[in-house]
Amino acid sequence: MICKPTEYKRLNMEYLKNRILNLKYIVQFFRHSTFDILHSTRSGFSLVEALVAIAILLIAVVGPISIIGNSLHQIYYAKDEMLAINLAQEGIEMVRQKRDSNMLANEVPATVTAWDSGITAGTYVVDAPSFSMIACALCDTKVYKNSNGFYSQGTQGVGSVETQFTSRTVAIADIAPGREKRIVSTVTWKTGGDTRSITVTEYIFKLRP
C-alpha cells in the first residue's frame, strides 16, 4: 500500500510520539529505581549508625556500673574480712584469758588450779559476752549478733540474729603436754555468693613451773 505524504507524515509523528513516551517511561523507571536504591542505602547507614550509637551508650553506661558493682563488692568483702580477723583473734584471746585466770587463781593461798583448766585439747565455740568457752565438736558453730550488738555463740537470747559468719571454731591441741598448746581459731563467712575463711594460729605456754 502506498501512503500519501500527509498520511506518511502523520504516521511518522505518531511513531515519534510513541518513542518519546517510551523514553519517558524508561527515564521514570530508572529515576524511581535509583531513588529506591539510594533510599535503601541511606536507611541501611542510619541503622548501622543507630547500632553503633547504642553500643557506645551501653559501654558508657554498663562500664561504670560494673566498676561500681565491683567496688562495692570489694568494700563489703574488706569489711567482712576485718570483722572475721577480729572474731578469730577474739577466740585466741579467750583462751589466753582462761590461761591467765588460772594462773592468777593460784596466787590465792591454798588454791591449786591447773594452768590449762577449761582449755584442754578439743574444739570449742566462744561466747565473748559471757566470757565462756563451750566444748562442742558437733554443735552450732554459727556466729550470732545479740540485741546489744555483740557477736556471740552458743545459747542465744531473744533478739539474736544470724550473721554472715557461718562458723567460728577454736581448736586446741597439746604440743608439749603440761607446758605448751597450739590454738587455731578459724572463722568462715559469706560475702555475696563467695565463701571465705581465715585462720589465726598461736601458741600458749605455762607461765610458771
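The values are calculated or read from the model by the stated rules, or taken from the named source; none is laboratory data. All figures in this text were calculated on a predicted structure; none of them were measured in a lab. A quick note on method: Cβ atoms are made from the backbone with ideal geometry, for glycine too, and the neighbour counts reach across all protein chains shown.
Listing for the model above:
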{"read-out": "Filter pass, Ile92 being among the aliphatic types (A, V, I, L, M), touching a Ser or Thr at 6+ places or on another chain (Cβ under 9 Å) and either without any contact (Cβ under 8 Å) to a residue 24 or more places away in the chain or within 30 Å of Thr191 (Cβ to Cβ) (or both)", "value": "yes"}
{"read-out": "Any chance Gln97 is at pLDDT below 85, surrounded by 13 or more Cβ atoms within 10 Å (Cβ to Cβ), out of contact with any Ser or Thr (no Cβ under 9 Å at 6 or more places or on another chain) and outside any strand (DSSP E or B)", "value": "no"}
{"read-out": "Top-ranked residue in region 125-152 [being touching a Lys or Arg at 6+ places or on another chain (Cβ under 8 Å) and of a type in the set (Ser, Thr, Tyr); ranked as nearest to Ile85 (Cα to Cα)]", "value": "Tyr151"}
{"read-out": "Filter result for the condition that a residue is of a type in the set (A, V, I, L, M), touching a Phe, Trp or Tyr at 6+ places or on another chain (Cβ under 7 Å), modelled with pLDDT of 85 or more and surrounded by 14 or more Cβ atoms within 10 Å (Cβ to Cβ), over Leu83, Leu87", "value": "Leu87"}
